[in-house]
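Undergrad: This structure is in structure tokens; I'll ask about it shortly.
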Amino acid sequence: MIKLVNVNKFFGDLHVLKDVNLEVAEGEKLVIIGPSGSGKSTTVRCMNFLEEPTSGHVYINGKEITNKNKTKMVRDNISMVFQQFNLYPHLTVLKNLTLAPMKLHHKSKKEAEELAYHYLDVVGLRDKAHVYPSTLSGGQQQRIAIARALCAQTKIILFDEPTSALDPETIQEVLDVMIKLAKENITMVVVTHEMGFARQVADRVVFMHRGEIIEEGTPEHFFVNPENERVRQFLGKIIR
């Protein structure tokens, strides 16, 4: 579903991604871990051209994303859940969820609302349909953001550290929703520091350091016997 080939990204003189090669299979749950500043979020943002690679190629479902086709390619294939929710504060929860299906996918208001209520049920927040985002906790807002991504009905959802802006009490409620989603045939790419989630949900874990993928494997491999010393150092006490 996703293929990165020799992707490099510079911000000025800063070389953030260095010849990143990565493939994600249909339905796979890929978790990207690593220290802050290692290029994890930039990698995910290159997948949907929120950041355009300085060089290299990005393919979605076998077709290369270009400047000419990126809007349609991303709209048709990829949704994203951000660190900071990015809900429209002047719209109710229901309107946040129905906006894209109606404007971008030309669904009727009735169809869009049925879809919205369905995914509000999935994230356990149907009773919040008519409130504004500012009245919700951070965890609730992020669950709404996940419901909004689901309303786009894309085959791929990217998660960029979806719990990093939350307080410890609300992190688990968001992770529980993501664990439920992982049982569906959705391709998920998740940047996270939540090692328990990675261990429970990932089909494959990728470790990034200084803009490069330095190790990848199953959760069992990573959390039992990683090969790279930098990975062992990072995981620290988690390894038994």
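Undergrad: Would it be correct to say that residue 55 is of a type in the set (Ser, Thr, Tyr) and either modelled with pLDDT of 95 or more or buried (at least 18 other Cβ atoms within 10 Å of the Cβ) (or both)?
TA: Yes, satisfied.
Undergrad: I need the full set of residues from the stretch 163-181 which are open to solvent by less than 20 Å² (accessible area, probe 1.4 Å) and under 26 Å from residue 26 (Cα atoms), in order please.
TA: Within the stretch 163-181, 163, 174, 175, 177, 178, 181 meet the criteria.
Undergrad: Would you pick out the residues in the stretch 119-162 that are assigned to a helix (DSSP H, G or I), open to solvent by 40 Å² or more (accessible area, probe 1.4 Å) and of a type in the set (Gly, Ala, Ser)?
TA: Hit for the stretch 119-162 is 134, nothing else.
Undergrad: Among the candidates 220, 194, single out the residue that is open to solvent by 80 Å² or more (accessible area, probe 1.4 Å) and either modelled with pLDDT of 90 or more or of a type outside the set (Lys, Arg) (or both).
TA: Only one candidate qualifies: 220.
Undergrad: While we're on this one: Which of the residues belonging to the stretch 76-118 are of a type outside the set (A, V, I, L, M), open to solvent by less than 40 Å² (accessible area, probe 1.4 Å) and either modelled with pLDDT of 95 or more or in a helix (DSSP H, G or I) (or both)?
TA: 77, 79, 92, 96, 98, 101
Undergrad: Among the residues of the stretch 2-36, which ones are without any contact (Cβ under 8 Å) to a residue 40 or more places away in the chain and under 19 Å from residue 189 (Cβ atoms)?
TA: Residues satisfying the conditions are 23, 36.
Undergrad: For the stretch 188-219, give me each residue that is touching a Lys or Arg at 6+ places or on another chain (Cβ under 9 Å) and acidic (Asp, Glu).
TA: Across the stretch 188-219, the qualifying residues are 203, 212, 215, 216.
The values are calculated or read from the model by the stated rules, or taken from the named source; none is laboratory data. Keep in mind that this is a model prediction, so the values were computed, not measured. Glycine gets a Cβ as well: all are built from the backbone with ideal geometry, and neighbour counts include every protein chain shown. These area figures cover heavy atoms from the full protein model, side chains too; ligands, DNA and RNA do not enter into them. Shrake-Rupley method; radii C 1.70, N 1.55, O 1.52, S 1.80 Å.
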